[in-house]
Amino acid sequence: MRRSVVLSQWLLSAATISLVLASHAFAQQQQIAPPNYDESKVPAYELPDPLVAQDGQVIDTVELWTQKRRPEILELFKHEMFGVAPEADLSKIAFEETKTVDNALGGKAIQKEVRVYFDAPNPTPCIDLLIFIPKGLDHPAPAFLMPNFQGNQTTTDETSVTAYEANDKARNKDKDLESLRGVAKSRWAFEKIIDRGYAIATCHYEQIDPDYDDGFKNGVHPLFKNFDINASDYTSTIGAWAWGLSRALDCLETIPEIDAKHVIIAGHSRLGKTALWCGASDERFAGVISNDSGCGGAALSRREFGERVDRINASFPHWFTKKFHEYGDKVNELPIDEHELIALIAPRPVYVASAQEDQWADPKGEFLSALNAEPVYALFGLPGLGVTEQPEVNTPVGKTIRYHVRTGGHDVTDYDWEQYLNFADEEVVGK
Ligand code: GTR
């Protein structure tokens, strides 16, 4: 009798404690501070040194960087932020050319559409790559690979571009996707890109993994043999998008008109975060462009300016690992920061771009990441930004590491493309 009273009292207090803990966690979740846009309120911080190994060894040669410190930092980014590299059966990747148009973009380009199957012979998951290749070149074309947000048909008015068909698991399955033709065309300077002698490939990012927290069921995750929902470092959705884009590069490698040794991975916003991780982890990419990637991309987490780690994890729980959720209120304990994500790209060229009105993405934090990646490029004898203060608007700076902040808001504009094409010419293709 007495024992059961004690037991029920214990159960009651255990229930009370868990209720209190649960409501505390709930309260904490609700207590995400409003974003800070005041430079004077940026906390003091010390960045992890990319050139000091975890055992304290100073990294002062390319060999030490490549053999020791780079692998360490890469592992940290996997375990803390983006998740482990997927183990998938690459023999099930297959490509099918679904369309070729010989005179696209006013006759300047060949348009190809290639379906990349991730689990052949199963029809899904797959991505539909839209590729424009300049005509009349006497060499394979260097290329940009840049995923899109709403489907290939949104990137252009060209009616030859097949409208993306949402499968039944897609978020936008009920939308009239044909009606979206051309809605994002201002972000895709296709003619300019073709005129400068570059190919461009794009696909809808949610064909790789739908962009919502679905318990990692509806995209490519079920194909990853090492995916463990209970692991703190499971492959996140950004990790999955990056993996899918590497498969798109596998496909580009099979197209003779494309110079696959000169493919630049580019992305805007959440896809800028993805481009950085994709380029950092897949060294086949010859260059990387981060357009307004912000928190979890180029912006330093420790500045806690604009969008912060606690907020991004609350809004987009699937983007990063479970482990990354632990750092919301203690970013100073992160063993990495975003300058090291850029450093992982060295010695390959990288472009970090910001927009003046895009304070949510912390333009200054994006600049400071690029700046603090310089010591690693310097090990290779490579230059960097050439300035120590964020430049004036519309004033691109740098060699190998480039940066600009343009006027305007969170977007990809012709101005941005102009700079990316110069970067591609001068840094990637080396014309
Ligand atoms: C925002 C998010 C940003 C950025 C952006 C986008 O809502 O807070 O980190 O990724 O979305 O991808 O457009």
On the given criteria, is Arg308 touching a strand residue (DSSP E or B) at 6+ places or on another chain (Cβ under 7 Å), open to solvent by 10 Å² or more (accessible area, probe 1.4 Å), more than 20 Å from Ser232 (Cβ to Cβ) and within 14 Å of the ligand (Cβ to nearest atom)? yes
Within region 51-70, which residues are in a helix (DSSP H, G or I) and open to solvent by less than 50 Å² (accessible area, probe 1.4 Å)? Leu64, Trp65, Arg69, Arg70
Determine the pairs where a residue that is assigned to a loop (DSSP other than H, G, I, E, B), located within region 314-331, has a partner that is among the acidic types (Asp, Glu) and within 13 Å of the ligand (Cβ to nearest atom) with Cβ atoms under 7 Å apart, the partner being 6 or more residues away or on another chain. Gly328/Asp310; Asp329/Asp310
Note: among Thr413, Thr407, just one is open to solvent by less than 50 Å² (accessible area, probe 1.4 Å), under 30 Å from Ala199 (Cα atoms) and in contact (Cβ under 8 Å) with a residue 12 or more places away in the chain, namely Thr413
Counting only residues in region 247-257 that are open to solvent by 10 Å² or more (accessible area, probe 1.4 Å) and in contact (Cβ under 8 Å) with a residue 60 or more places away in the chain, the one nearest to the chain's Cα centre (by Cα) is identified as Arg247
Taking the stated definitions as given, is Glu75 free of Cβ contacts under 8 Å to residues at least 12 places away in the same chain and open to solvent by 30 Å² or more (accessible area, probe 1.4 Å)? yes
When both residues are 6+ apart or on different chains and their Cβ atoms are under 6 Å apart, which pairs have a first residue that lies in region 354-377 and is touching a residue at least 24 places away in the same chain (Cβ under 8 Å) and open to solvent by less than 10 Å² (accessible area, probe 1.4 Å), and a second that is away from the ligand (no atom under 16 Å from the Cβ) and of a type in the set (D, E, K, R)? Ala355/Arg406
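Among the residues of region 378-390, which ones are without any contact (Cβ under 8 Å) to a residue 24 or more places away in the chain and out of contact with any Phe, Trp or Tyr (no Cβ under 7 Å at 6 or more places or on another chain)?
Matches in region 378-390: Ala378, Gly381, Pro383, Gly386, Val387, Thr388, Glu389.
Does any residue of region 421-428 turn out to be touching a Ser or Thr at 6+ places or on another chain (Cβ under 8 Å) and in a helix (DSSP H, G or I)?
Yes, there is a match, as at least one residue in region 421-428 is touching a Ser or Thr at 6+ places or on another chain (Cβ under 8 Å) and in a helix (DSSP H, G or I).
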Can you confirm whether Ala231 is open to solvent by 20 Å² or more (accessible area, probe 1.4 Å), away from the ligand (no atom under 14 Å from the Cβ) and under 27 Å from Thr413 (Cα atoms)? no
Residue check, Thr254 more than 24 Å from Phe423 (Cα to Cα), within 16 Å of the ligand (Cβ to nearest atom) and not hydrophobic (A, V, I, L, M, F, W, C): no
Taking Gly244 as meeting all but one of (1) assigned to a loop (DSSP other than H, G, I, E, B); (2) crowded, with 24+ Cβ neighbours inside 10 Å, write down the number of the exception. (1)
Here is a check on your reading of the model: is Ala286 surrounded by 24 or more Cβ atoms within 10 Å (Cβ to Cβ), more than 12 Å from the ligand (Cβ to nearest atom) and touching a residue at least 40 places away in the same chain (Cβ under 8 Å)? no
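Results for (1) under 21 Å from Arg70 (Cβ atoms); (2) within 16 Å of the ligand (Cβ to nearest atom), shown as yes or no for each residue.
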position	(1), (2)
Asn313	no, yes
Gln356	no, no
Asn372	yes, no
Tyr377	yes, no
Val393	no, no
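The values are calculated or read from the model by the stated rules, or taken from the named source; none is laboratory data. Keep in mind the model is a prediction, meaning the values are calculated, not measured. We place every Cβ from the backbone using ideal geometry, glycine too, and count neighbours over all the protein chains shown. With ligands, DNA and RNA removed, areas are computed over all heavy atoms of the protein, side chains included. Shrake-Rupley method; radii C 1.70, N 1.55, O 1.52, S 1.80 Å.
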